[in-house]
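Below: the structure, in structure tokens.
The values are calculated or read from the model by the stated rules, or taken from the named source; none is laboratory data. Keep in mind that what you see is a predicted model, and the values were worked out from it rather than measured. Reconstructed Cβ throughout: ideal geometry from the backbone, glycine too, with neighbour counts over all protein chains shown.
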Amino acid sequence: MDKTLHNKKKDLFKILEVMNKISIKIEMQLCYAKNLLSYKPGYESQLLAIYDLNSLSVCVWKCAVLDLNKLFPEKCSKNDKYCFNKLLNKCSLTKGGEFKKLITNQNLLSDFETEMLKNQETIKKIQKLRDEFYAHTDNNSDINSIEINFNDAEKLSNLAKDILNKLHLEVFEYPIDNSDLYNTENNIVKDLIGYRKMLHNDSLNTLIKEKYNKH
């Protein structure tokens, strides 16, 4: 492999790495938001009194929407460094992209574009949520007019994972690294309970130490 192509490969690796980190973050955010919203209080509800789970869910959902918009903006601007439209153009032979020589199977790109078109309505809704409600708050629009759910967002998140993994396999011949992915099967509510218990125990330990230090 000549030096120029080798450098292009390194550049593409860095781009895929950054986009994969965003994709992993989205998957975790959607899982947490869903987990928090569907939680049914039980005996441990007093331990969670400090938390407003619905508000936490909304905050995490907003983060997921903003990150999805980074990868799938309705239209890429100069500032959108890590969006799929721009990445696919850079990989395209017909569009003369800088990574065109690295993608032997150009049909992959057509398949990705087709799948993105299938999710175009969700992409538009994500863009509207970002522009009119989450990134800017000076709008009088009704957020309830935008019908979107977790399933829509998860489909887009799964598409991001699929594109990144297949591109990585095509160029580097091994799967993309998802070792940073937190075990999303863990229940975030249980994690919060554990954290709350830890804080409670730390407070008790502090009181005990203070008591015995006085004597």
Among the residues that make up the range 108-126, is at least one of them assigned to a loop (DSSP other than H, G, I, E, B), modelled with pLDDT under 95 and either charged (D, E, K, R) or under 18 Å from S23 (Cβ atoms) (or both)? no
Condition set part of a loop (DSSP other than H, G, I, E, B) and touching a residue at least 12 places away in the same chain (Cβ under 8 Å), scope the range 66-78, selection surrounded by the most Cβ atoms within 10 Å (Cβ to Cβ): answer is F72
Among the residues of the range 127-178, count how many are outside any helix (DSSP H, G or I) and within 19 Å of the chain's Cα centre (by Cα). 7
Residue pairs qualifying under the 9 Å Cβ cut-off, at least six apart or on distinct chains, with the first in the range 147-175 being more than 17 Å from L102 (Cβ to Cβ) and the second being among the hydroxyl-bearing types (S, T, Y) and surrounded by 15 or more Cβ atoms within 10 Å (Cβ to Cβ), are I148/T122; D152/T122; A153/T122; K155/T122; L156/T122; S157/S23; A160/S23; K161/S23
Some residue of the range 152-160 being farther than 16 Å from L87 by Cα and either surrounded by fewer than 12 Cβ atoms within 10 Å (Cβ to Cβ) or at pLDDT below 90 (or both): no
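Conditions (1) in a loop (DSSP other than H, G, I, E, B); (2) touching a helix residue (DSSP H, G or I) at 6+ places or on another chain (Cβ under 8 Å), marked per residue:
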{"residue": "N54", "(1), (2)": "no, yes"}
{"residue": "A64", "(1), (2)": "no, yes"}
{"residue": "D80", "(1), (2)": "yes, yes"}
{"residue": "K86", "(1), (2)": "no, no"}
E98 vs. criteria at pLDDT 90 or above and not in a helix (DSSP H, G or I): yes
